[in-house]
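What follows is a short report on a single structure.
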Amino acid sequence: MVSLGQALQQPELTQVPSRRVHGDRRLDRRAIVHLTAEYHGYARTGGLAEAVAGLAASQARAGERVFAFLPLYASVRDAAKRLQPLAPPQVISVGPLSETVRFYRDAAHTGGPHVIFVDAPECFDRPGLYGDTRGDYPDNHLRFALFARAALHGVMQFVPGPLLLHAHDWHAALAMIYLRTHAELAAHFDGTPTVLSVHNAGYQGHFGADVMADLALAPELWSMDLMEWYGRLNLLKGGLVFCDAAVTVSPAHAEELRTAEGGFGLHDTFNQLGDRLVGICNGIDLQHWNPATDDQIAAPYTADDLSGKATCKRALQRAFALPQRDNVSVIGMSSRLAAQKGFDLVLRSARLRGDDVQLIIIGEGDARIRDAVAELVATHAGRMACSFTFTDRLEHRLMAGADMVLMPSLYEPCGLTQMHASRYGAPVIGRRVGGIGDTVDDEETGFLFGAFDVTAMDAALDRALMRFTERPAWHAIMRRAMARDFGWDHAMAGYAAVYRAAQEYAARAL
């Protein structure tokens, strides 16, 4: 059995004893530790995986020591080239739950962040990350409580020196609570700054009050000022209460979260954070999303030479058994099948049923939405198509082949699809919410609408489809969209400022 330091061939990263190692808390010497339920390349259901992996990779390229902990799902076993154990098996308990836990790394993964997998097969070796065809797993509260507790245990073993802990969404929010309310963790992590990212506040981790003991939460935490929320336990709320700083994934969404209309019932909690809540737009990997060098698409192209995009369009039409017509507009939609994404509008749109439109939808998710989309496509065979098996390759081919991309979201904290689409010269028709409004300029790089109704969406579609017929004007919009810089570098200064603020807040709490 090897230590993490031996596994990474970096002697300075040997296993550390379970003791306080934070005496020197200078920010420039700390490690950044991400706790996340998803990580691109290993486990993904949506934008969370790409956002966390992109941020971690950018921080590592900037010279930071970066670690990421995530559960060892079945998908990790499929994706990891060679899992290497980091320590002997150990029993970790949360309330009445005790599991034998192992820690692994992918020995084939070199460079970049140190990704560590928390292996508890009874909890994570399942077909889906959060559920199966019947819905969410009923023991998700226990699964992610064990992950949070085990990840903190792993941090104590494998991450030497001072650190900053950055948790993502409700799945990891319990770590914020445990390290402040469990005596042995509080002693070890005393003064460690913590940051909680809210990627999607529509998912908060609501459970009944009866699980408090199962999650090893003290009864006094059942308070409307702490974790109680309309008679339910709210894990995201608890994480927000106990973290030193919070981030959401666009400036506009940070303001939306402070309102009764956009705060998902947590607007008071977000407002109480004051300036400790910041919005920073996500980025994308500009090398991975580059039509000039992308080997997953039918032909390369650039803003200066768009001819390859026509080849990609025809290849996409062939792949989905649609007529290869250059004068028809191919509209793509790459999305989780969730009500948030505006499928209600799509299903009722008259404009999407026009003869000058071909609609292609790819995504996985809600069975009811999947069935409704399948029925829509069957009714309009030859003009609509769909795939309910989402892959990275398929998304690349859709972005490259589509003339435009539809994002009629009810809410969109950040969104990455509009960045992918812009990069591939597929202007976005989207609702002006959250990150869409922050990253798409109406009539300049895309087409925006305000009200969440089908009339407003169809009006925006009308504008886009009319402009599509004006080829010089359309090509100008494409080129402006492709010129936008959506790399992670723009976010680095923002995260550095958040980390400094969290460090200062944690130091004041000592």
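Computed values, structure above
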{"quantity": "Every residue from region 117-150 that is of a type in the set (Ser, Thr, Tyr) and in contact with a strand residue (DSSP E or B) (Cβ under 8 Å, 6 or more places away or on another chain)", "calculated": "Tyr130, Tyr137"}
{"quantity": "First in region 351-376 and part of a strand (DSSP E or B), second anywhere and among the acidic types (Asp, Glu), Cβ under 8 Å, 6 or more apart", "calculated": "Ile362/Glu395"}
{"quantity": "Residue under evaluation Gly434, criteria (1) within 23 Å of Glu261 (Cβ to Cβ); (2) without any contact (Cβ under 8 Å) to a residue 24 or more places away in the chain; (3) not acidic (Asp, Glu), criterion not met", "calculated": "(2)"}
{"quantity": "Selected residue (criterion: modelled with the highest pLDDT) from residues of region 479-495 that are of a type in the set (A, V, I, L, M, F, W, C) and loosely packed, with under 14 Cβ neighbours inside 10 Å", "calculated": "Ala483"}
{"quantity": "Residue in region 181-192 that is under 22 Å from the mean Cα position of the chain (by Cα), buried (at least 19 other Cβ atoms within 10 Å of the Cβ) and of a type in the set (A, V, I, L, M, F, W, C) present", "calculated": "no"}
{"quantity": "Residue in region 442-457 that is assigned to a helix (DSSP H, G or I), of a type outside the set (D, E, K, R), farther than 21 Å from Arg336 by Cβ and in contact with a strand residue (DSSP E or B) (Cβ under 7 Å, 6 or more places away or on another chain) present", "calculated": "yes"}
{"quantity": "Filter pass, Val91 being free of Cβ contacts under 8 Å to residues at least 12 places away in the same chain, among the hydrophobic types (A, V, I, L, M, F, W, C) and in contact with a Ser or Thr (Cβ under 8 Å, 6 or more places away or on another chain)", "calculated": "yes"}
{"quantity": "Only one of Ala481, Ala497 that is in contact with a helix residue (DSSP H, G or I) (Cβ under 8 Å, 6 or more places away or on another chain) and assigned to a helix (DSSP H, G or I)", "calculated": "Ala481"}
{"quantity": "Filtered residue count, region 50-71, keeping only those that are touching a residue at least 12 places away in the same chain (Cβ under 8 Å), over 15 Å from Phe158 (Cβ atoms) and not polar (S, T, N, Q)", "calculated": "13"}
{"quantity": "Answer residue from region 88-138, given it is aliphatic (A, V, I, L, M) and surrounded by fewer than 18 Cβ atoms within 10 Å (Cβ to Cβ) and is modelled with the lowest pLDDT among those", "calculated": "Ala108"}
{"quantity": "Qualifying residue in region 368-388 (condition: modelled with pLDDT of 95 or more, within 20 Å of the chain's Cα centre (by Cα) and of a type in the set (A, V, I, L, M))", "calculated": "no"}
{"quantity": "Any chance Ser409 is closer than 27 Å to Pro323 by Cα, in contact (Cβ under 8 Å) with a residue 60 or more places away in the chain and either among the small types (Gly, Ala, Ser) or assigned by TED's automatic domain parsing to the domain that holds Tyr42 (or both)", "calculated": "no"}
{"quantity": "Residue in region 194-205 that is among the aromatic types (Phe, Trp, Tyr), surrounded by 24 or more Cβ atoms within 10 Å (Cβ to Cβ) and either within 24 Å of Ala506 (Cα to Cα) or under 23 Å from the mean Cα position of the chain (by Cα) (or both) present", "calculated": "no"}
{"quantity": "Region 111-150, residues that are aliphatic (A, V, I, L, M), assigned to a helix (DSSP H, G or I) and within 19 Å of the chain's Cα centre (by Cα)", "calculated": "Ala148"}
{"quantity": "Within region 389-414, tally of residues that are of a type outside the set (Ser, Thr, Tyr), outside any helix (DSSP H, G or I) and at pLDDT 95 or above", "calculated": "11"}
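Quick grid of which residues meet (1) β-branched (Val, Ile, Thr); (2) surrounded by fewer than 14 Cβ atoms within 10 Å (Cβ to Cβ):
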{"position": "Ala315", "(1), (2)": "no, no"}
{"position": "Pro323", "(1), (2)": "no, yes"}
{"position": "Val328", "(1), (2)": "yes, no"}
{"position": "Gly332", "(1), (2)": "no, no"}
{"position": "Ser349", "(1), (2)": "no, no"}
{"position": "Leu359", "(1), (2)": "no, no"}
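The values are calculated or read from the model by the stated rules, or taken from the named source; none is laboratory data. Bear in mind that the values here come from a model prediction, so they are computed numbers and not experimental data. Backbone-built Cβ (ideal geometry, glycine too); neighbour counts: all protein chains shown.
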